[in-house]
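The values are calculated or read from the model by the stated rules, or taken from the named source; none is laboratory data. Every value quoted in this text rests on a predicted model; they were computed, and no experiment measured them. Every residue, glycine among them, receives a Cβ derived from its backbone with ideal geometry; neighbour counts consider all protein chains shown.
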Amino acid sequence: MDIEAIRKDFPILDTKVYGKRLVYLDNGATTQKPTAVLEALDHYYKTYNSNVHRGVHLLSQQATDAFEAARTKVAAFINAKHTYEVIFTKGTTDGINLIASCFGRGFLKAGDSILISAMEHHSNIVPWQMICEEKGATVKVIPMNEDGVLQMDQLPALLDDTVKLVACTYVSNSLGTVNPVREIIKQAHSKGIPVLLDGAQAVQHIPVDVQELDVDFLVFSSHKLYGPTGVGILYGKEEWLNKLPPYQGGGDMIKTVTFAKTTYNDLPFKFEAGTPDMSGAVGLAAAIDYVTAIGLDNIQKEEQALLAYALEQLTAIEGLRLVGKSPERSGVISFLYKNTHPFDVGELLDKQGIAVRTGHHCCQPVMDFLGIPGTARASFAFYNTKEEVDILVAALKKAAAMLD
Amino acid sequence: MTIQEKQDEIIEEFELFSDWMDKYENIIQIGKELPMIEEQYKTEDHLIRGCQSRVWLHAEYKDGVINFTADSDAVITRGLISLVVKVLSGHTPKEIAGADLYFIDSIGLTSHLSPTRSNGLLSMVKQIKAYAIAFQVQEQK
Ligand SMILES: Cc1ncc(COP(=O)(O)O)c(C=O)c1O
C-alpha cells in the first residue's frame, strides 16, 4: 500500500494546526474524506440534483438511479442477500433508534428484556432504555473484565427466556475491543433470539459479511467510513424487516393513503419516510468504491500493523496506562498518563498538532466501571503512518514531562 | 491592584511566550501556586456541577471583600482557575460581579470558556459571580 499516494487523496491531511502539520488521530470520531467523495458530492449537486422516486423528468430519474445504485453498492459491500434489505438512515444512532422503536412496538412486552454489552456507546443503550421503560421491559448487560473483554462464560445464563433481542457493538469505540460476535450470534440464535450489531467502529476496519455472520441487523455511519456525514445504513434480514411495523410516517413509505387507512410501501421504502439524504448516499457510494479499490483486507492488514506498532511504542512510555487490553482489538487506543486528567494530555497533544479525543467517548458506564473520568484516545485510519505514531509518542513524552 | 491592573499584568506576562507549550508550562506552574482549598471544603457541596474535570471552589466573605480558594483534578484547568482566583480574590462583591475577565481571551485561551468544552472554567466563573451577587445582596440587607 502506497501510503504517500493515499494521503494525497485526503486534502485535509495537509492542513497545518498551530503551525504544525496536522496529525489526525481522531478517526474513531469521524474519518476524513478522499477527493473522490468530495467530487461525487460536487458532481451530484452540479449536474443531477433532484428529488428521488418522484419525478418523471430526467434529472429525477438520474438522481433516483444514483441513489438506488448506492443502495446496491452498500448491499454488495456487506454482502446482503437482497438490495432491499439495505435501509438508508441518518447514521448509527438513527438506525438503532429505528430498530428499538419498531422492534419494541412489535415484539416487546412487560417482563421482557433486551441484552446489551457493558461496553456499548450511549446510542446503543439509551434507545433500549427508552423503549423498555415504555413497555415495562428491562435492559440487561453482558459484563466485561478489567481488560475490557466480555465475560462470555456468563452469556448462556444471561440468554434466558426474557431476552427478546441482543444489541452489541462489534468493536468498542472506547476500548478498541473486537467482540466475539460470531459466538454471541450463534448462542443467541440457538435460543431463537435476533442480534443487532453496532458496526460503527467495525465496517471501516474489518470486512463484514452479513450473511456469513448471520446477523439480523447491522447499523453503521457513513462518516466513519470516509463518506459524508448525515447518512448511515441499517441492514436487516428481509424476514425481520417485513415483520417490523414501520418507523416514521410520511412520503415515500406509503403505497396508498386515504384519511381512513394507509397501506405501507414495500422494503426498503417502508422505513424511509421523507426525502432521503440523496447526496449523502451518492457520497457514501463513492467512499465504498474508494475503500474497495484499496481492498478492505489490505486496509485491515496495514491498520493492524500500525496498531501493533503504536501499542508497542505507547506501552514503552513510563507511566502511560492503556485502558482496554483486549488481545483482539481494532482502531482505537485509549490511555491515561499516571493519574493526570485526560483533558490535560489531550490539550497538550492538541497544541503539538495532534488531534486525539478525550473524555468518556459516550461510554460513561465503561468509565464508571473502570473508575476513571475518561481517557485520551488515539484512533487510527489506514492513511496514518508510523511517523505519525512517532510524533504522538514524542509529544506524549513532552506532555508527560510537563505534567510530572 | 484593581481587577483590571491584575489582568493587564497577566497579559503582559503571557506576551513573553510565543510558543504554546511554554505558555502551558507557565499555566501549569501557576496552578501549583494556587491557594489550596482546605481539604474540609473539597466536598460535593463545593464541587462545581457540569464539568468533566472536577473543580472545587470555596468563597470567604470577610471585611467587605471575598477571597477564593479552589482546586481541580486537571492541571491546566487548575492553572486557569488559579489565574481567575488571583484576579478576583480580595475584591468587593460589587467589583467581582461586574468584572469583565478579558484576560482569558487576550492570552489565547478563549476556547476554555466555550460551553461545549465543559472543562470547568466557565462554570467556575459563573459560580464566582453567583457568590459575588449573593454577598452583595447580603451586604445590602
Ligand atoms: C460504537 C459506536 N456506536 C455508535 C456511534 C454513534 O454514531 P453516530 O453518531 O454516527 O450516529 C458511534 C460513534 O461515535 C460509535 O463509535
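Values as computed for the structure displayed
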| read-out | value |
| --- | --- |
| Matching residues in the stretch A:233-253 - criterion: being aliphatic (A, V, I, L, M) and farther than 14 Å from A:C102 by Cα | A:I233, A:M253 |
| Verdict on B:I48 being touching a residue at least 24 places away in the same chain (Cβ under 8 Å) and farther than 14 Å from B:G108 by Cα | yes |
| Residue identified as more than 13 Å from the ligand (Cβ to nearest atom) and farther than 15 Å from A:T93 by Cα among A:V178, A:V163 | A:V163 |
| Within the stretch B:24-52, tally of residues that are among the charged types (D, E, K, R), farther than 30 Å from A:H361 by Cα and over 17 Å from the mean Cα position of the chain (by Cα) | 1 |
| Some residue of the stretch A:42-51 being within 16 Å of the ligand (Cβ to nearest atom) and outside any helix (DSSP H, G or I) | no |
| Conditions (1) within 16 Å of the ligand (Cβ to nearest atom); (2) modelled with pLDDT under 95; number of the one not met by A:G19 | (1) |
| Strands (runs of 3 or more DSSP E) contained in the stretch A:317-404 and holding at least 1 residues without any contact (Cβ under 8 Å) to a residue 40 or more places away in the chain, within 14 Å of chain B (Cβ to nearest Cβ) and surrounded by fewer than 24 Cβ atoms within 10 Å (Cβ to Cβ) | A:357-359 |
| Test: A:A29 is within 16 Å of the ligand (Cβ to nearest atom) and within 18 Å of the chain's Cα centre (by Cα) | yes |
| Strands (runs of 3 or more DSSP E) completely within the stretch A:199-261 that count 3 or more residues being over 16 Å from the mean Cα position of the chain (by Cα) and farther than 23 Å from A:L284 by Cα | A:254-257 |
| Pairs, first within 16 Å of A:I184 (Cα to Cα) in the stretch A:197-224, second within 8 Å of the ligand (Cβ to nearest atom) and among the acidic types (D, E), C-beta under 6 Å, six or more apart | none |
| Test for A:S174: is it under 30 Å from A:K33 (Cα atoms) and part of a helix (DSSP H, G or I) | no |
| Residue that is nearest to A:Y226 (Cα to Cα), among those in the stretch A:5-21 that are away from chain B (no Cβ under 14 Å) and in contact (Cβ under 8 Å) with a residue 40 or more places away in the chain | A:F10 |
| Members of the stretch A:100-136 that are in contact (Cβ under 8 Å) with a residue 60 or more places away in the chain, over 26 Å from A:G374 (Cβ atoms) and polar (S, T, N, Q) | A:S101 |
| Condition met for B:M21 (more than 16 Å from the chain's Cα centre (by Cα) and buried (at least 16 other Cβ atoms within 10 Å of the Cβ)) | yes |
| Qualifying residue in the stretch A:120-129 (condition: surrounded by fewer than 18 Cβ atoms within 10 Å (Cβ to Cβ), farther than 24 Å from A:M253 by Cα and not hydrophobic (A, V, I, L, M, F, W, C)) | yes |
| Qualifying residue in the stretch A:233-248 (condition: closer than 18 Å to A:N51 by Cα and either in contact (Cβ under 8 Å) with a residue 60 or more places away in the chain or surrounded by fewer than 17 Cβ atoms within 10 Å (Cβ to Cβ) (or both)) | no |
| Residues of the stretch A:78-96 classified as touching a strand residue (DSSP E or B) at 6+ places or on another chain (Cβ under 9 Å) and away from the ligand (no atom under 16 Å from the Cβ), total | 4 |
| Test: residue in the stretch A:57-72 that is within 16 Å of the ligand (Cβ to nearest atom) and in contact with a helix residue (DSSP H, G or I) (Cβ under 9 Å, 6 or more places away or on another chain) | no |
| Neighbours by Cβ (under 6 Å, 6+ apart or cross-chain): first from the stretch B:8-32, away from chain A (no Cβ under 12 Å) and within 15 Å of B:V85 (Cα to Cα); second of a type in the set (G, A, S) and buried (at least 16 other Cβ atoms within 10 Å of the Cβ) | B:I30/B:G79; B:I30/B:S82 |
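Conditions (1) within 14 Å of another protein chain (Cβ to nearest Cβ); (2) touching an Asp or Glu at 6+ places or on another chain (Cβ under 8 Å), marked per residue:
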site: B:D45; (1), (2): no, no
site: B:K62; (1), (2): no, no
site: B:R78; (1), (2): yes, yes
site: B:L109; (1), (2): yes, no
